[in-house]
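Participant: This is the structure I have questions about; it appears just below.
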Amino acid sequence: MTEQRDYDVIISGGGPVGMGLAIELGQRGVRVLVIERYAQPQPVPKGQNLTQRTTEHFHAWGCEPALRAARTIPSDMGIGGLTLYRTLLSDYSYDWLNRASVNEYYHTTNERLPQYETEGVLRARAAKVASIDIRYGWSVTSVTDNGDHVTVHAAEHKGDGRDVLTARYVVGCDGAKSAVRETGDIPQKRSDHDQMMVLLVFRSMELHELLKRYPGKAFYNVLHPELKGYWRFFGRVDVGSWFFHAPVPAGTTEDSDFITMLHEVVGQHFDLDIDYVGFWDLRVSIAERYRAGRVFVAGDAAHSHPPYGGYGINTGFEDARNLGWKLAAVLQGWGGPDLLDSYDAERRPVFESTARDFIEKFIDDDNEFLQTYDPEKDLAAFEAAWSARNADAAEVARFAPNYTGSPIIPGTTGQPSALGNHTFLARAGHHLAPAVLSDGTPVFDRLGPEFTLLAFGASPDALHRATQAAAAANVPLTIVTDDSVTRYGARLVLVRPDHFVAWAGDDWPSNAALPARCAGHPA
């Protein structure tokens, strides 16, 4: 065994979050090693529902066109969702998780494809970034924080190889059973629902024909009063392939009669072939901190929850985007001593809100509805309540993660949250909405790699003071000027490297330390 300190960052786990983080870092010139167990992505269709914010990440990482090309569902079939009562062929349904309803507030539109296809796109992109090394067929077994660097022990997955490496930082993107988290002094707390779930992958062209009654839909949430708010969930993989999640009794095995179960949930017999049976426990878990010295966790290593609403993979990608620019800033010398702590301060409350205000709320609200209303007992009351649920189905509009109250978002109060609303106005701590400059260029295509100051009719004096403040703090700043953009409601908008608004106003503030604070330097 040899010890070598050749890397700025070692990433344990080359799934979507780990590889996304590697690209974020690598594009910023950071020397990265990714250690990934599997030589090829695992062919289980999960993590399919990609939000607009996630496709913005792929745009920034230079692989959005490849992501679109990897889509497995024909474009004319649509990727919307539907909630139904009792069976998939029910008379009662309404649109669910209509992500397209907020497309105008993002630079890119949402997408849907299996995680293994997404991983393939990221692997191909990472292979083209010169500062990224990838070691397939290996796993991290333990990490040790030595104060000024971290030691990483790795083992060959199928062989006797062992190695010891060192880096400035290590990030665990190695899943819910993360070796980085467990050996890196990052405890975890869990809330179990005491519910076993099954995942089936199957093929059926007959089901494809049956579901033509729901044009434009690709995933289906079936509610049943006996299931206490837990879902029976169908998702389309391609034209004739599907996956299915459902609660099952404890002790259920691979030999159980899942074909009969599928017939019951659909509402009639249909031909199918099952390709995969797997089980998982429905729980919500979160690391008690996302950082311990030079050790970080992201994605499922930091948090995990039921795949209700497609939040998991998208939340993990946002972890990568948030942590990536901060690690690069510190490594490059312009990030302040508070910057890395802001990763936990911003991302952990957002996940807690996602779990509480969306995922667990889905389960509780659905259970309350199902226990209260029954069409066989009072049809009129059931139909009125079902119609009200349809009218109030605004989960997508309310899901707007923000960092208000973050220690590096000056002038904001409260706590970062997943709850919010969508608007074109530039608000500190919120995602920047798209706009088009007078020459027809999208604003997102003019944003710099670090901080960007958008100046829309601001005074030359304000721009001069902003430039001086950034230079004094050694914070890289790109300035974009245009007199035609008004939708942001501010003449000046300071945008972070992850495209969240750090500050907005009509005149540069008298506080010359604004860029320094946004980059993690003390107030």
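The values are calculated or read from the model by the stated rules, or taken from the named source; none is laboratory data. Please read all numbers here as calculations on a predicted model, not as lab measurements. FYI the Cβ positions are ideal-geometry reconstructions off the backbone, even for glycines, and counts take in every protein chain you see. Quick note on the areas: whole protein, heavy atoms, side chains included, nothing else; ligands and nucleic acids left out. Shrake-Rupley method; radii C 1.70, N 1.55, O 1.52, S 1.80 Å.
Participant: Using just the helices of the chain, give the 222 nm mean residue ellipticity in deg cm²/dmol: DSSP H runs with n ≥ 4 each add -39,500 (n - 2.57), and the total is spread over all residues, rounded to 500. Walk me through the numbers before you get to the answer.
Facilitator: On the way: 14 runs with 141 residues, N = 523.
For the chain, the value works out to -8000 deg cm²/dmol.
Participant: Now, a different point. At 1.4 Å probe size, with the rest of the protein present, what percent of the exposed accessible area of the stretch 253-412 is carbon and sulfur atoms?
Facilitator: Values: 2700 of 6100 Å².
Of all accessible area on the stretch 253-412, carbon and sulfur atoms account for 44 percent.
Participant: Per residue of the stretch 110-123, what does 6.51 cos²θ - 1.76 cosθ + 1.60 with θ = phi - 60° give for ³J(HN,Hα)? Whole Hz please, x for Gly and Pro, Karplus curve as stated.
Facilitator: 3J(HN,Hα) across the stretch 110-123, in whole Hz: 6, 8, 9, 6, x, 4, 5, 6, 4, 4, x, 5, 5, 4.
Participant: Between D445 and A250, what is 0.36 nm times their sequence separation minus the Cα-Cα distance? Round to one decimal in nm.
Facilitator: Stretched fully, the D445-A250 segment lengthens by 65.1 nm.
Participant: Tell me, what % of the accessible area of the stretch 417-469 is carbon and sulfur with a 1.4 angstrom probe?
Facilitator: For the stretch 417-469, the apolar C and S fraction of the accessible surface comes to 57 percent.
Participant: Could you size up the charge dipole of the stretch 316-462 around its Cα centre, putting +1 on the beta carbon of Lys and Arg and -1 on that of Asp and Glu, and report it in debye to the nearest 20?
Facilitator: Here the size comes out at about 580 debye.
Participant: For mean projected area of the Cα convex hull in nm², the choices are (i) 23.3; (ii) 25.2; (iii) 27.5; which was calculated from the structure?
Facilitator: Among (i) 23.3; (ii) 25.2; (iii) 27.5, the one calculated here is (ii).
Participant: If you don't mind, another one. Let me spell out the model: positive unit charges on the Cβ of Lys and Arg, negative unit charges on the Cβ of Asp and Glu, origin at the Cα centre of the stretch 408-509. What dipole size does that give, in debye rounded to 20?
Facilitator: Roughly 240 debye for the stretch 408-509.
Participant: Ranking request for peptides 92-104, 66-78: highest mean number of other beta-carbon atoms within 10 Å first, then the rest in descending order.
Facilitator: 92-104, 66-78
Participant: Could you do me a favour and compute the accessible area per residue for the chain, 1.4 Å probe, result in Å²? Working shown, then result.
Facilitator: On the way: 20530 Å² over 523 residues.
Accessible area per residue, the chain: 39 Å².
Participant: Right, something else. What does the charge dipole of the chain about its Cα centre add up to, to the nearest 20 debye, if the Cβ of each Lys and Arg holds +1 and the Cβ of each Asp and Glu holds -1?
Facilitator: Dipole magnitude for the chain comes out near 1200 debye.
Participant: On to the next question. Please determine, in degrees from 0 to 90 and to the nearest 10, the orientation of helix 360-372 with respect to the longest principal axis defined by the Cα atoms of the chain, where the helix direction is its Cα long axis.
Facilitator: 30 degrees
Participant: Let me ask something else. Could you tell me which of H59, T83, T109 has its Cα farthest along the dipole of the stretch 33-189 towards the positive end, charges placed at Cβ (Lys, Arg +1; Asp, Glu -1), taken about the Cα centre?
Facilitator: Positive-end residue among those listed: T83.
Participant: Sticking with this one: Would you mind computing, in nm to one decimal, how far apart the modelled labels at D192 and Q40 are, each placed 7 Å from Cα along Cα→Cβ?
Facilitator: My value for the distance between the label points is 3.6 nm.
Participant: On the accessible surface of the stretch 95-175, probed at 1.4 Å, how many percent belong to carbon and sulfur atoms?
Facilitator: Looking at the stretch 95-175 in its full context, I get 42 percent from C and S.
Participant: Further question on the same structure: If you take the beta carbon distance between E206 and T467 as r and set R0 to 45 Å, what does 1/(1 + (r/R0)^6) give as a FRET efficiency, to the nearest 0.05?
Facilitator: 0.10
Participant: Go through 243-251, 299-307 and give me the packing order, highest mean Cβ count within 10 Å leading.
Facilitator: Top of the packing list down: 299-307, 243-251.
Participant: Could you order peptides 182-189, 424-431 by the average number of other Cβ atoms within 10 Å of their residues, highest first? Don't skip to the answer; put the middle values down first.
Facilitator: Details: 182-189: 16.6, 424-431: 20.9.
So the order, starting with the most tightly packed, is 424-431, 182-189.
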